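Working notes, beginning with the structure itself.
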Amino acid sequence: MGNETQLRERDEQEIADDDEPLSSSSHLRRLLAELVGTFALTMVAAGADVIAVVTHGEVSLAARAVAPGLIVMAMIYTLGGQSGAHFNPAVTLAFTLRRDFPWRKVPGYWGAQIAGAILAAFLLLVLFGQVGHLGASIPRAGTIVSLIMEIVLTFLLVTVILGTATSDKLVGYNAALAVGGTIAAAGLIAMQISGASMNPARSLGPAIVSGQLADVWIYLVGPIVGAILAAAVAWLLRGPTNPHAAKVAKGD
């Protein structure tokens, strides 16, 4: 019993400890990975909406729903080892609440994610002009319905992310399939309701650049609440986190 307690305390200490300097080259590479990954996600998700307008509907609704899941899947394979492949402030928050990720690194990750989304929106503006609100998320089914939808969808997405991160039975980056599939499925059912953002950065970037800020609070509050609920349910289902999840959240 004593040995089990010591092992558990050691694992908890390993999870909590992270003395990597914020100015170190490895941490800066993590921030760059988050910026690039969120840039790619926003460029594809918001860009699909913009290009659908430019091409008069040549990009179908189904394609617009599935594309973000595919690019997130690819970016997890590409950048997961560098930063943990959060690409989403709500995911960073959930990992932090689970003690998989240190609070002191949250501002940097959030800043990199939002910067990546703003850069993508600005590029869309340069390429296509002020078209389709630059892909800003729009509550098409009304404020309350869209808010609840964003809470529920983010809860499901973050539950999948936390669950796959916890399981050391998943080989390599196979969790990317589950995460990408969840994003695609959410888009297929809710694209025409709330936009199926599930990501404050992806919504905030186009909203800032286009000036479409009236409803952006929905896409900040909804994912944050969903992430908190997912972290709480993860604790009820599995209890405290484990070193494997902490390693996944921080990258290699």
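The values are calculated or read from the model by the stated rules, or taken from the named source; none is laboratory data. As the structure is a prediction and not an experimental result, all values here were calculated from the model. Please note: Cβ atoms are built from the backbone with ideal geometry, for glycine as well, and neighbour counts cover all protein chains shown.
Details
- Members of the range 179-205 that are in contact with a Gly (Cβ under 6 Å, 6 or more places away or on another chain) and part of a helix (DSSP H, G or I): 180, 183, 184
- Test: residue in the range 158-168 that is acidic (Asp, Glu), touching a helix residue (DSSP H, G or I) at 6+ places or on another chain (Cβ under 8 Å) and modelled with pLDDT of 95 or more: no
- For the condition modelled with pLDDT under 95, closer than 20 Å to residue 114 by Cβ and either in a helix (DSSP H, G or I) or in contact with a strand residue (DSSP E or B) (Cβ under 7 Å, 6 or more places away or on another chain) (or both), residue 245 does not qualify.
- Test result for residue 64, at pLDDT below 95, over 30 Å from residue 246 (Cβ atoms) and not hydrophobic (A, V, I, L, M, F, W, C): no
- Residue count for the range 114-157 satisfying the condition of being closer than 18 Å to residue 218 by Cβ and within 20 Å of the chain's Cα centre (by Cα): 21.
- For the range 209-219, a residue qualifies if it is part of a helix (DSSP H, G or I), among the hydrophobic types (A, V, I, L, M, F, W, C) and under 15 Å from residue 145 (Cα atoms), and exactly one does: 218.
- Test result for residue 59, closer than 21 Å to residue 135 by Cα and buried (at least 22 other Cβ atoms within 10 Å of the Cβ): no
- Residue that is aliphatic (A, V, I, L, M), surrounded by fewer than 24 Cβ atoms within 10 Å (Cβ to Cβ) and either part of a helix (DSSP H, G or I) or in contact with a helix residue (DSSP H, G or I) (Cβ under 7 Å, 6 or more places away or on another chain) (or both), where the choices are 72, 44: 44
- Residue pairs meeting the criteria (Cβ under 8 Å; at least 6 apart or on separate chains; first under 14 Å from residue 48 (Cα atoms), in the range 179-198; second among the polar types (S, T, N, Q) and part of a loop (DSSP other than H, G, I, E, B)): 195/137; 197/137
Rundown of residues vs (1) at pLDDT 95 or above; (2) within 26 Å of residue 31 (Cα to Cα), yes/no style:
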| position | (1), (2) |
| --- | --- |
| 68 | yes, yes |
| 84 | no, yes |
| 95 | yes, yes |
| 105 | yes, yes |
| 116 | yes, yes |
| 152 | yes, no |
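- Being over 16 Å from the mean Cα position of the chain (by Cα) and surrounded by 20 or more Cβ atoms within 10 Å (Cβ to Cβ) holds for only one residue in 207, 186, and it is 207.
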